[in-house]
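Presented below is the structure to which this report refers.
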Amino acid sequence: MSKQTILGWINENEGIFTNMAQRIWENPQIAYEEEFAAQLQMETLKDAGFKIKQNIGGVPTAFVAEFGSGQPVIGILGEFDALPGLSQTISAKRDEIVPDGPGHGCGHNLLGTAGVEAVMALKEVMLVENMSGTIRYYGCPAEEVLSGKTFMAREGVFDDLDCALTWHPGTSNVVANMSAQAMVSIKFHFRGITAHAGGAPHAGRSALDAVELMNVGANYMREHMLDGLRIHYVITNGGLAPNVVPDKASVWYYLRASTKEQVDEMLVRIKKIAHGAALMTETQVDSEMLAFCYETLPNDTLNDVMYENLKLADELVFTEEEEKFAGELVATVDPAIVAMSKRRFGVPTEDLLPTGIEYHKHMKGVTMGGSTDVGDVSWITPVGQVYTTCAPVGVQAHSWQATAAYGSSIGMKGMQLAAKSMALSLYDLLTNQEIIIKAREEFKESTAGKPYSVAIPEKVKPPVTAAVELVGI
Ligand SMILES: [Zn+2]
């Protein structure tokens with residue numbers, strides 16, 4: 001039976017992929033610098049007979065690996081970037097490997113690897129059963145800065161997909177039927193006039209004043225926004241010395257909302273505030289957009305398929321040692337935060353490493369606080385997504401505790417489960433046309449009248465540094 005063949009292949013080859021995830025965890029690289037992971041995954045897939053298209057949209061670490069031919073065309077979305085400042089050993093006390101270095105605090109070492117594993121497992125069955133259809137693994141860089149998939153989408157690489165599947169490391173095995181927020185990442189650069197701050201303050205025009213007034217304006221705007229909209233900012237340049245009136249100052253904003261239209265509206269208002277601040281301080285302002293991603297559009301049809309396949313995989317079994325490590329990690333987190341996490345999705349749990357398979361139907365339509373560039377792909381083609389237990393309940397994403405968990409055998413086990421769910425679902429999609437028809441009908445309904453167009457302006461280029469160069473495949 002084919003599904004058993006897939007599960008058998010994944011179990012037999014587990015070592016290859018835990019090794020890959022481990023090595024990527026040991027070589028963490030931040031957005032647009034993921035040379036190690038991209039090179040390793042491209043080489044592995046090429047050796048397995050996949051055709052590789054690299055340097056998508058001028059991003060050296062963006063690639064597509066393809067196997068098979070004809071219809072349908074199904075994609076798996078993978079990620080592999082790390083986060084700055086989250087370097088950490090696999091231990092339950094803060095212990096950086098490289099001081100202030102990057103670390104896999106979002107588990108993307110697991111995320112991409114499970115995708116490679118799923119397409120390679122499928123390839124084996126496709127050969128044995130002489131199946132038609134095309135499977136693709138998308139090596140998507142720079143998810144953490146919310147723009148890798150947007151730049152890939154601009155190249156049209158997702159346009160001919162019938163469906164796509166993905167997953168994310170989490171703290172339970174659950175279908176992702178909730179949405180993530182749409183978001184714009186934009187910097188405002190103010191320009192003023194330098195002067196001696198003590199001797200001739202009247203001659204200066206402070207760009208920092210403009211930044212501060214802009215932030216005051218933005219904070220007053222908060223009172224007059226819809227519920228759930230979010231504004232956060234950091235001042236990236238506030239001048240160099242108190243006795244020099246700063247002629248340059250910059251502030252970096254994230255604006256989030258449950259729909260892209262709402263982010264568009266917020267952006268218009270925040271730009272007016274920036275111009276107001278410039279007017280008040282007699283400075284000039286320019287803006288620089290870095291990313292603009294859509295909210296995610298869950299697809300129930302694909303989520304249902306992934307849920308059924310999560311149940312077909314062997315149940316996760318954690319050892320006493322893993323349970324102990326989970327308890328030690330959670331003990332380092334504020335108990336109030338842990339208590340909140342245990343009530344996640346409104347369902348209380350005492351289990352630190354949940355092994356059951358959950359589907360919270362009541363979460364449909366709920367928008368979570370974070371954002372992802374998976375949102376863009378979900379407006380181009382139907383996307384199914386699940387989470388699996390890769391860290392203990394109470395450990396927060398983007399923390400050193402998460403880096404430790406995602407490098408440990410807990411993360412590896414969750415990754416195996418995700419690979420199985422994706423591989424089995426790929427099989428279903430290749431062999432049952434009805435699922436694709438249903439998923440696409442649902443997609444058509446949810447996107448009706450709102451065709452996708454890339455939200456970042458054409459002039460915005462991916463921030464790739466010249467130092468990043470991969471060996472040709
Ligand atoms: Zn992530």
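For the chain, what is the calculated [θ] at 222 nm in deg cm²/dmol (nearest 500), taking -39500 (n - 2.57) for each run of four or more DSSP H residues and dividing by its residue count? Before the final figure, lay out each step's value.
Details: 14 runs with 185 residues, N = 473.
Result for the chain, helices only: -12500 deg cm²/dmol.
Check each of the trypsin sites (Lys or Arg not before Pro) in segment 347-436 and keep only those in coil by DSSP with at most 16 other C-beta atoms within 10 angstrom; list them in order. Walk me through the numbers before you get to the answer.
Working: sites: LYS361, LYS364, LYS413, LYS420; in loops: LYS364.
Counting only loop positions with at most 16 other Cβ atoms within 10 Å, the trypsin sites (Lys or Arg not before Pro) in segment 347-436 are LYS364.
Divide, for segment 91-236, the radius of gyration over alpha carbons by 2.2 N^0.38 Å, where N is the residue count. Can you show the working numbers first?
Numbers: Rg = 23.9 Å, N = 146, 2.2 N^0.38 = 14.6 Å.
Relative to the rule-of-thumb radius for its length, segment 91-236 sits at 1.63.
Quick one: P(r) of segment 328-418 from all Cα-Cα pairs, 10 Å bins, percents rounded to integers, in order of increasing distance.
Result returned by the calculation: 14, 41, 37, 7, 0.
Could you tell me how far the Cα centroid of segment 424-448 sits from the Cα centroid of segment 309-341, in Å?
First find each Cα centre; the distance between them is then 33 Å.
Per residue, how much accessible area does segment 262-354 show when a 1.4 Å probe rolls over the protein heavy atoms, in square angstrom?
Working: 4900 Å² over 93 residues.
Accessible area per residue, segment 262-354: 53 Å².
State the Kirkwood hydrodynamic radius of segment 109-186 in Å, one decimal place, computed from all pairs of distinct Cα atoms. List each step's numbers first, then the result.
Numbers: mean 1/r = 0.0666 Å⁻¹.
That comes to 15.0 Å for segment 109-186.
For segment 182-292, which whole-number percentage of the solvent-accessible area (1.4 Å probe, protein heavy atoms only) is attributable to carbon and sulfur atoms? It would help to have the intermediate numbers written out before the result.
Details: 3140 of 5770 Å².
The nonpolar share, carbon plus sulfur, comes to 54 percent.
Pop out the carbon and sulfur fraction of the accessible area of segment 13-65 as a percent, whole number, probe 1.4 Å.
The C+S portion of the solvent-accessible surface of segment 13-65 is 44 percent.
Given H placed on each backbone N at 1.01 Å, which residues far from GLY384 in sequence or on other chains put an amide H within less than 5 Å of it?
Residues meeting the amide H criterion: ALA164, LEU165, THR166.
At most 13 other Cβ atoms within 10 Å and a DSSP loop assignment: could you name the trypsin sites (Lys or Arg not before Pro) in segment 321-355 that fit?
Working: sites: LYS324, LYS342, ARG343, ARG344; in loops: ARG343.
Within segment 321-355, the qualifying trypsin sites (Lys or Arg not before Pro) (loop, at most 13 other Cβ atoms within 10 Å) are ARG343.
Would you mind getting the accessible area per residue of segment 18-88, heavy atoms of the protein chains only, 1.4 Å probe, in Å²?
Working: 2420 Å² over 71 residues.
Accessible surface, normalised per residue, equals 34 Å².
Once each part is reduced to its C-alpha centroid, what is the distance from segment 269-290 to segment 184-263 in angstrom?
Taking the Cα centre of each part, segment 269-290 and segment 184-263 sit 8 Å apart.
Over the Cα atoms, compute the radius of gyration (one decimal) and Dmax (the largest Cα-Cα distance, rounded to a whole number) for segment 182-292, in Å.
Answer for segment 182-292, Rg first and Dmax second: 14.7, 50 Å.
Share of antiparallel DSSP beta bridges in segment 1-147, in percent to the nearest 5? Could you put the intermediate results ahead of the total?
Values: 12 of 20 bridges.
In segment 1-147, approximately 60 percent of DSSP beta bridges are antiparallel ones.
Looking at segment 120-223, which trypsin sites (Lys or Arg not before Pro) are DSSP coil and have at most 16 other C-beta atoms within 10 Å of their C-beta? Mind dumping the intermediate values first?
On the way: sites: LYS123, ARG136, LYS149, ARG154, LYS187, ARG191, ARG205, ARG222; in loops: none.
Within segment 120-223, no trypsin sites (Lys or Arg not before Pro) qualify (loop, at most 16 other Cβ atoms within 10 Å).
Please report the base-10 log of the normalised intensity I(q)/I(0) for segment 246-366, using a Debye sum with one equal scatterer per alpha carbon and no solvent, at each q in 0.10 (1/Å).
-0.64
Assuming 0.692 mPa s and 37 °C, estimate D for segment 1-116 with Stokes-Einstein, Rh taken as the Kirkwood radius over Cα pairs, in µm²/s.
Working: Rh = 15.5 Å.
Estimated via Stokes-Einstein, D reaches 212 µm²/s.
If you look at just the Cα atoms of the chain, how large are its Rg and its Dmax in Å?
Looking at the chain, its Cα Rg and Dmax stand at 23.2, 84 Å.
The values are calculated or read from the model by the stated rules, or taken from the named source; none is laboratory data. Source: prediction; values computed, not measured. Counting neighbours? That spans all protein chains shown, and the Cβs are built from the backbone with ideal geometry, glycine included. All accessible areas refer to the heavy atoms of the entire protein, side chains included, with ligands and DNA or RNA removed. Shrake-Rupley method; radii C 1.70, N 1.55, O 1.52, S 1.80 Å.
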